[in-house]
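In what follows, a structure is listed as structure tokens, so that the remarks can point back to it.
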Amino acid sequence: MAWVVWDKRSKSAGDAQSVDVKALAKKLFKGLESNDQLRVKLKKKKYDLEKGGKLPGSARSRTYDQGNANANRKIVAPALKDILEVSTAKDAEVKGQEAATEEAGAAADAEAAPKAA
């Protein structure tokens with residue numbers, strides 16, 4: 001089983017919708033490796049798909065032995081959805097907390113600033 005993460009859009013083109021491939025791949029691989037239903041293990045023989053010249057330079061990939069051979073799309077798809085939704089929800093929560101902290105800091109700065117008469 002091989003998994004490849006890449007974004008065909010160019011960050012240099014100033015595309016605001018561009019994906020952080022490295023972070024997404026890290027979350028995906030970590031989620032796959034910790035999933036009890038799939039029971040994936042990194043292949044003993046390392047397949048370096050990225051260095052083979054067949055993938056774009058920004059792509060990240062890993063190959064696995066699938067421990068649960070009965071895990072078809074009806075098992076893999078919900079597992080993938082859970083991995084991505086959980087990580088996205090956590091990211092949104094962290095960003096929300098950061099924004100709230102910045103707003104509170106700005107409000108405190110505004111109150112502490114001397115008022116012009």
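List the number of the failed condition for ALA110; all other conditions in (1) surrounded by 10 or more Cβ atoms within 10 Å (Cβ to Cβ); (2) at pLDDT below 60; (3) outside any loop (DSSP other than H, G, I, E, B) hold.
The single condition ALA110 does not satisfy is (1).
Write out, first by first residue and then by second, each pair whose Cβ atoms fall under 7 Å of each other, whose residues are 6+ apart or on separate chains, and whose first residue, in region 28-56, is touching a residue at least 40 places away in the same chain (Cβ under 8 Å) while the second is surrounded by fewer than 13 Cβ atoms within 10 Å (Cβ to Cβ) and of a type in the set (A, V, I, L, M).
Final answer for the pair search is LEU49/ALA2.
The values are calculated or read from the model by the stated rules, or taken from the named source; none is laboratory data. Note that the structure is a prediction, hence the values are computed from the model and not measured. Cβ sites come from the backbone with ideal geometry, for glycine too, and all protein chains shown count toward neighbours.
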